[in-house]
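Below: the structure, in structure tokens.
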Amino acid sequence: MQIELKNAGTFFIHTPNRVYYLFDLEKKADEWCKAIEDVRKRYSKVIEQTYELAIRDGTYGSIYGKKKSRKEMIREQKALRRKQEKAEKKALKAEQQVNKKLSMQMEKKSP
């Protein structure tokens, strides 16, 4: 990643696959460049480890932070609720079967 200061209000961030053009109406692009560079230096080890891990796992280029629409979130919540209800029903059915077997065993033992 490279940061390029174009003028007081414009700077570029060059990445392997894209170039981001950023504009600052307050004309503080140089401060932004310095801040980004400071963060990059501070987290360089973490960035390097994450990159190496992604390359090794084959997940480099995958999207991790896609923002979901409200509709997608509601759909996921409904699916999760259905899954939980299904698990609860299954557990209740298993408990009923155990109770039924226990009661049958108790009936056999009593004279």
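The values are calculated or read from the model by the stated rules, or taken from the named source; none is laboratory data. Given the structure is predicted, the values throughout are model-derived calculations rather than measurements. Cβ: placed from backbone, ideal geometry, glycine included. Neighbour counts: every protein chain shown.
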Just to be sure I understand the filter: pairs with C-beta atoms under 6 Å, separated by 6 or more residues or on different chains, first member in the range 5-28 and under 17 Å from Arg40 (Cα atoms) and modelled with pLDDT of 90 or more, second member among the β-branched types (Val, Ile, Thr) and part of a strand (DSSP E or B). Which pairs pass? Phe12/Val19; Ile13/Ile3; Tyr20/Ile13
For Met73, are the conditions met, namely being on the phi < 0 side of the Ramachandran plot and exposed (fewer than 10 other Cβ atoms within 10 Å of the Cβ)? no
Could you go through the range 32-49 and let me know if any residue there is surrounded by fewer than 11 Cβ atoms within 10 Å (Cβ to Cβ), within 21 Å of the chain's Cα centre (by Cα), under 15 Å from Met1 (Cα atoms) and among the hydrophobic types (A, V, I, L, M, F, W, C). yes
For Phe12, state whether it is in contact with a Lys or Arg (Cβ under 7 Å, 6 or more places away or on another chain) and either surrounded by 10 or more Cβ atoms within 10 Å (Cβ to Cβ) or among the acidic types (Asp, Glu) (or both). yes
